[in-house]
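Please treat every number below as a calculation from the coordinates, not as lab data. As the structure is a prediction and not an experimental result, all values here were calculated from the model. Positions of Cβ are backbone-derived with ideal geometry, glycine not excepted, and every protein chain shown enters the neighbour counts.
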Amino acid sequence: MKKIIPQTTDSTQQNIAKIAQLFPQVITEKEDENGNTTKAIDFELLKQHLSKDIVEGSEERYRLDWPGKKRSILKANTPITTTLKPDRESSVNFDTTENLYIEGDNFEVLKVLQESYLSKIKMIYIDPPYNTGKDFVYNDNFTQDKDEYNEEIGVIDEDGNKQYKPKPNTDTNGRFHSDWLSMMYERLLIARDLLTDDGIIFMSIDDNEVHNLRKIADEVFGEENLISQICHKARASVSNDKIISSNHNVILFYAKNQEVVFKKRKRIGLNPKLEGFDLSDKIGKYKLVPVDGPGGAKKGNPYYTFEGVTGYWRFSEKRMKDMFDKGLIVKTPKNLQQKYYLKDAKDSRRTATTWWDEKLYTSTATGRLKKMLDTNIFDTPKPVELIYKMLEMSDTDNSVILDFFSGSATTAHATMQLNAEDGGNRKFIMVQLPEKTDEKSEAYKAGYKTIPEIGKERIRRAGKKILEENAEQIKERKTPLDVGFRVYKTAESILKEVAKHPSEVSQTEMFKDEDNIKENATDEDILTAVILDFGLTLDNPIDTKKVAGSTVFMVDDNALVACFSKNIDMQVVEEMAQLQPLRAVFRDACFKDDKDLINTVESRFKQLAPNTKVHVI
């Protein structure tokens, strides 16, 4: 019973709670005047999250610090000009699919998706580099200029595209942990914003960095939102080079808001075991289960005699009597048991923190992937069953699943597989750095020059196999099973850098930048940039039509209508306005003559489509 205390509301604690909802990472601990530990705001960190510059300070507090942490916060909050460029040739069913495969540095991709997918991702799974000293660690030197950055991450090809190469983070580096922490921290800060209110994230890691990853995840998501630290048995064999051979990985399982997750979700856990319910009464089918208290006195179970049986029990004597009177406690020849009903079992979803199944071994996944792609091209893929299990645990029948360290694209495979089996319509977003494969590797010899080439081919073959093996189930679906994916690649802004000092422009070059769009930008490139700028998602249907020789794009019916063709006339404007779009977009330098300036266009839209917002790029 809650005790009433006659005092006014503690506004400070209420305000702290409000700030915690927006910035859980700034919540810390401090001692009050009585020596009690209370929640408090780390104002220095809060200032940093609200500042465009690095905030100096040295106050000691309970938190994980490392060189570069503030810079990571600054980086996570700083705008970038990177955009995405569609790649139809690498895609499957580009015009109809709602799945995405994005090639690029995942930090840049997360920033690009931040507005369009704000609070729209139901589940994230990541298998980041474990920082063993051999695996790839992303470059995150925020202070380098563009040429220095390009030089360090690799080379630039003849088309000006970044070519990525592995960068080992050896323990001889004085910032061995700090570099890895910065890389993860800034990505998780953005990832949290993408999750729905009842969104969840699974993160695979090993013993090298699990302690640090848990600390930064506690900070980003709030330690109260840790649902579980799962121990995943990754291999059956043991190594002879160590006294204790590690055969497991860890999966950190967090919620954006654990209270919302367990309140909103229909389920959170695995399908329960429903065998053995062979007894029944007027309530329904049931089976008998123990009522004695496991652990005895050590667990605080009450000790008393009930119906002639003495022992430690799960419930108090009063509750036992109440259950007995209702017929829920049954006396057996040697003990007492309680009725456990089938209806309760169906609602119960409990999952152990140890995932000990040979189907979840890396070796199992490696063998299957080798068979699917006809060669051993990926060393440590995650098993489909592992991601499948996570998807089953979450209420994700019709939602978006993100993996921004997608590797061999196991998450995409598992998503399509589960959709085929349970009729779901989950969509996936895979993000992978275009890291080159080693020229001596089997992957390179088989024609896979980059990791994304492996991932995309795996999705193609997995999709085809799933369609074949689940043909009968798929026939019963209300909507077709989506095994396609749109490919996008990170690219520099489609806009020219037209802001120049007068001394940088000669008289002959004065009108060279009259069109602010780069010459090599296609209409689809411009459309993608506009879609992202308006915060629309990339899975929306895109239709096109020809009007007076110009191409008109229609995104999600009338959410956005755009035309970027040069030398368009008013017929195009008229037909676009008749569609009554929410937004209409034109290229700044696309009109035939001076009379068709943008003010004329706006005037015509006001007449035909007064609710349309007209924009120019």
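Over the range 279-347, what is the mean sequence separation of C-alpha contacts under 8 Å (at least six apart), divided by residue count, expressed as relative contact order in percent?
Value for the range 279-347: 36 percent.
What spacing in nm lies between the two simple spin-label points modelled at Leu274 and Ala559, each 7 Å away from Cα in the Cβ direction?
3.6 nm
Could you tell me which of Phe315, Val330, Ser280 has its Cα farthest along the dipole of the range 279-347 towards the positive end, charges placed at Cβ (Lys, Arg +1; Asp, Glu -1), taken about the Cα centre?
Comparing the listed Cα positions along the dipole, Ser280 ranks first.
Which ³J(HN,Hα) values, rounded to whole Hz and listed in residue order, are derived for the range 93-110 from phi using the Karplus coefficients 6.51, -1.76 and 1.60 in 6.51 cos²θ - 1.76 cosθ + 1.60 with θ = phi - 60°, glycine and proline given as x?
Rounded to whole hertz, the list is 6, 3, 6, 10, 6, 10, 8, 10, 10, 10, 9, x, 4, 5, 5, 4, 5, 4.
What residues of the range 219-245 lie in the reach of a label at Lys18, counting those whose backbone N is under 11 Å from a point 7 Å from the Cα along Cα→Cβ?
Taking a point 7 Å out along Cα→Cβ of Lys18, no residue of the range 219-245 has its backbone N under 11 Å.
What does the charge dipole of the range 11-63 about its Cα centre add up to, to the nearest 20 debye, if the Cβ of each Lys and Arg holds +1 and the Cβ of each Asp and Glu holds -1?
About 320 debye.
Quick one: compute the contact order of the range 518-617, relative version, from alpha carbon pairs under 8 angstrom and 6+ residues apart, as a percent.
Averaging sequence separation for qualifying contacts and normalising by length gives 21 percent for the range 518-617.
If you wrap a convex hull around the C-alpha atoms of the range 370-472 and split its volume per residue, what is the figure in Å³?
Details: hull volume 9.2 nm³, N = 103.
Cα convex hull per residue, to the nearest whole number: 89 Å³.
Applying 1/(1 + (r/R0)^6) with R0 = 60 Å to the Cβ-Cβ distance of Thr375 and Asp65, what FRET efficiency is obtained, to the nearest 0.05?
Between Thr375 and Asp65 the formula returns 0.85.
Which value results for Rg/Rh of the range 279-347 when Rg is the Cα radius of gyration and Rh the Kirkwood radius based on the inverse mean 1/r?
Expressed as Rg/Rh, it is 0.98.
Of the peptides 402-411, 296-305, how do they stack up when ordered by the mean number of other Cβ atoms within 10 Å, highest first?
Most protected by this proxy first, the peptides run 402-411, 296-305.
Distance check, please: which entries in Lys285/Lys339; Lys85/Lys465; Lys120/Lys256; Lys215/Lys359; Lys382/Lys489 exceed 21 angstrom between their Cα atoms?
Checking Cα-Cα distances, Lys85/Lys465; Lys215/Lys359; Lys382/Lys489 exceed 21 Å.
Which order do the peptides 531-541, 414-424 take when ranked by the mean count of other beta-carbon atoms within 10 Å per residue, highest first?
The packing order, highest mean first, is 414-424, 531-541.
What percent of all Cα-Cα pairs in the range 11-63 falls in each 5 Å bin, counting up from 0?
The distribution over the range 11-63 is 4, 19, 26, 25, 18, 6, 2, 0, given as percents.
Which one of Leu46, Leu22, Gly57 is farthest out on the positive end of the charge dipole of the range 11-63, using unit charges on Cβ (Lys, Arg +1; Asp, Glu -1) and the Cα centre as origin?
The residue sitting farthest along the positive end of the dipole is Leu22.
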